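Asker: Structure incoming, see below.
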Amino acid sequence: MSLAMAAIAIASPNPLHSSLTLSNARGRRSFCTRRRTHSLKISGSSLADGSALFQAAHYTVDTYIKSGMVIGLGSGIASGMAMQYIGLQLGAGALKDIVGIPTSVASASEAAKAGIPLGHYEDSSQIDFAFDDADIIEERTLIAVIGRTRSQGEESIIQEKTILNAANKLVFIVRENQYKSGMDGSIPVLVNPVNWMETAEEIDDLFLGDAELWRRPSVGLAGPHGGQFPLVTREGHNIIDVIFTSPILSLAEVSMSLDNIDGVIEHGIISKFPCTAVIASENGLSVVDNVPKNAVKEP
């Protein structure tokens, strides 16, 4: 089906809007290559959801951040908690000579409030460690999706991914319900606004029957083909939300497929090795690493 002949609801997913439902499902491929993981369970008394995330943020800072580090500062509730704690540690003298590299406008603002000295990322920048929230993270592989809900034009999926990928070590801080297999929901894809329809048609063909496509608006409700005010990122791109209506069997496969489409500038899937997930639940914390335990050399 040609997108030029169909009405696409261009808005954040909402059942009240019309959408292009892709039909004629083709057989989905399976991606069998998986990294082995090992995990650590940190038990604790029953915690409310916010308290568990607070504990996870503090655990991340205490375990991975040392004086003198350059740190990539993530975006989101848990990342904000971690930055507040770093600020307290700097004020108390427990941490020294920390430089933060913000992944977003929001994280730069949060870091400034916390009193964290900030630097600017360049291609040659050394980043010792980074932490971030994730919208969802895949069991075992720890491949994550970012950018589902951050719709402001001044934010940048490109900047966030670049800084996270440049870090020597990356930790995602997530709630238990964000760590799962057989995922669904949306993946944001950055495209050139000039030829976005052609790129959308290729994505349409790629995930035929498994997903719906929406172009994200900047304000209000969008009509067919983008409405009056489609979102334009600060780099000048549009965002197409690819909303999966069938389970995503492999984020790695989806990522590779999107990378092979010429019109795709970037997308919200990030695969980092090594990577750790600090998972907050009411029963305590789980720490999952995508490096096999027997591959970690003892000092």
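The values are calculated or read from the model by the stated rules, or taken from the named source; none is laboratory data. Note that the coordinates shown come from a computational prediction; the quantities given were computed from them, not determined experimentally. Virtual Cβ from ideal backbone geometry, glycine too; neighbours counted across all protein chains shown.
Asker: Tell me, which residue of the range 235-261 that is at pLDDT 90 or above and assigned to a loop (DSSP other than H, G, I, E, B) is farthest from Ile157 (Cα to Cα)?
Answerer: Here the residue is Ser250.
Asker: Shifting gears a bit: Of all residues being modelled with pLDDT of 90 or more and within 8 Å of the chain's Cα centre (by Cα) in the range 138-156, which is nearest to Leu231 (Cα to Cα)? Just the residue, please.
Answerer: Among those residues, the one meeting the criterion is Gly147.
Asker: Take Lys66 and decide whether it is among the basic types (Lys, Arg), in contact with a Ser or Thr (Cβ under 8 Å, 6 or more places away or on another chain) and in a loop (DSSP other than H, G, I, E, B).
Answerer: Working: among the basic types (Lys, Arg): yes; in contact with a Ser or Thr (Cβ under 8 Å, 6 or more places away or on another chain): no; in a loop (DSSP other than H, G, I, E, B): yes.
For Lys66, the condition - among the basic types (Lys, Arg), in contact with a Ser or Thr (Cβ under 8 Å, 6 or more places away or on another chain) and in a loop (DSSP other than H, G, I, E, B) - is not met.
Asker: Would you check if there is a residue in the range 270-291 being at pLDDT below 85, closer than 30 Å to Lys169 by Cα, part of a helix (DSSP H, G or I) and not small (Gly, Ala, Ser)?
Answerer: Scanning the range 270-291, I find no residue that is at pLDDT below 85, closer than 30 Å to Lys169 by Cα, part of a helix (DSSP H, G or I) and not small (Gly, Ala, Ser), so the answer is no.
Asker: Now for a different question. From the set of residues in the range 171-188 that are within 12 Å of the chain's Cα centre (by Cα) and of a type outside the set (S, T, N, Q), which is nearest to Ala57 (Cα to Cα)? So that I can check it myself, show each step before the final result.
Answerer: Step one: list which residues in the range 171-188 are within 12 Å of the chain's Cα centre (by Cα), which gives 171-174, 178, 186-188.
If we keep only those that are of a type outside the set (S, T, N, Q) as well, we get 171-174, 187-188.
Numbers: Val171: 10, Phe172: 10, Ile173: 7, Val174: 9, Ile187: 25, Pro188: 26 Å.
Among those residues, the one meeting the criterion is Ile173.
Asker: Checking the condition closer than 22 Å to Gln55 by Cβ, assigned to a helix (DSSP H, G or I) and within 16 Å of the chain's Cα centre (by Cα), which residue from Ala82, Ala78, Ala106 passes? Walk me through how you get there before you give the answer.
Answerer: Numbers: Ala82 fails: within 16 Å of the chain's Cα centre (by Cα); Ala106 fails: closer than 22 Å to Gln55 by Cβ.
Testing whether each residue is closer than 22 Å to Gln55 by Cβ, assigned to a helix (DSSP H, G or I) and within 16 Å of the chain's Cα centre (by Cα) leaves just Ala78.
Asker: Residue under question is Pro217, and the condition is that it be surrounded by 21 or more Cβ atoms within 10 Å (Cβ to Cβ) and not charged (D, E, K, R); does it hold?
Answerer: yes
Asker: Going residue by residue through the range 226-234, is there one that turns out to be closer than 27 Å to Ala52 by Cα, in contact (Cβ under 8 Å) with a residue 24 or more places away in the chain and in a loop (DSSP other than H, G, I, E, B)? Lay out the reasoning, then the answer.
Answerer: Going through the range 226-234, the residues closer than 27 Å to Ala52 by Cα turn out to be none.
Looking for residues that are closer than 27 Å to Ala52 by Cα, in contact (Cβ under 8 Å) with a residue 24 or more places away in the chain and in a loop (DSSP other than H, G, I, E, B), one finds none in the range 226-234, hence no.
Asker: Looking only at residues in the range 197-222 that are among the hydrophobic types (A, V, I, L, M, F, W, C) and within 27 Å of Leu249 (Cβ to Cβ), which one is modelled with the lowest pLDDT? Let's see the steps before the verdict.
Answerer: The first filter runs over the range 197-222 and keeps only residues among the hydrophobic types (A, V, I, L, M, F, W, C), leaving 197, 200, 203, 206-208, 211, 213-214, 219, 221-222.
When the remaining residues are screened for being within 27 Å of Leu249 (Cβ to Cβ), the result is 200, 203, 206-208, 211, 213-214.
Details: Ala200: 91, Ile203: 93, Leu206: 90, Phe207: 89, Leu208: 82, Ala211: 87, Leu213: 88, Trp214: 88.
Looking at the filtered set, the residue picked out is Leu208.
Asker: Right, another one. Can we say Asp123 is without any contact (Cβ under 8 Å) to a residue 12 or more places away in the chain and either out of contact with any Leu (no Cβ under 7 Å at 6 or more places or on another chain) or under 18 Å from Val278 (Cβ atoms) (or both)? Outline the logic, then answer.
Answerer: Details: without any contact (Cβ under 8 Å) to a residue 12 or more places away in the chain: yes; either out of contact with any Leu (no Cβ under 7 Å at 6 or more places or on another chain) or under 18 Å from Val278 (Cβ atoms) (or both): yes.
Yes.
Asker: Within the range 170-215, can you find the residues that are under 30 Å from Phe129 (Cβ atoms), outside any helix (DSSP H, G or I) and among the charged types (D, E, K, R)? Working first, answer last.
Answerer: The initial filter retains those residues of the range 170-215 that are under 30 Å from Phe129 (Cβ atoms), namely 170-181, 183, 185-190.
Within this subset, residues satisfying the condition of being outside any helix (DSSP H, G or I) are 170-175, 179-181, 183, 185-190.
Those that are under 30 Å from Phe129 (Cβ atoms), outside any helix (DSSP H, G or I) and among the charged types (D, E, K, R): Arg175, Lys180.
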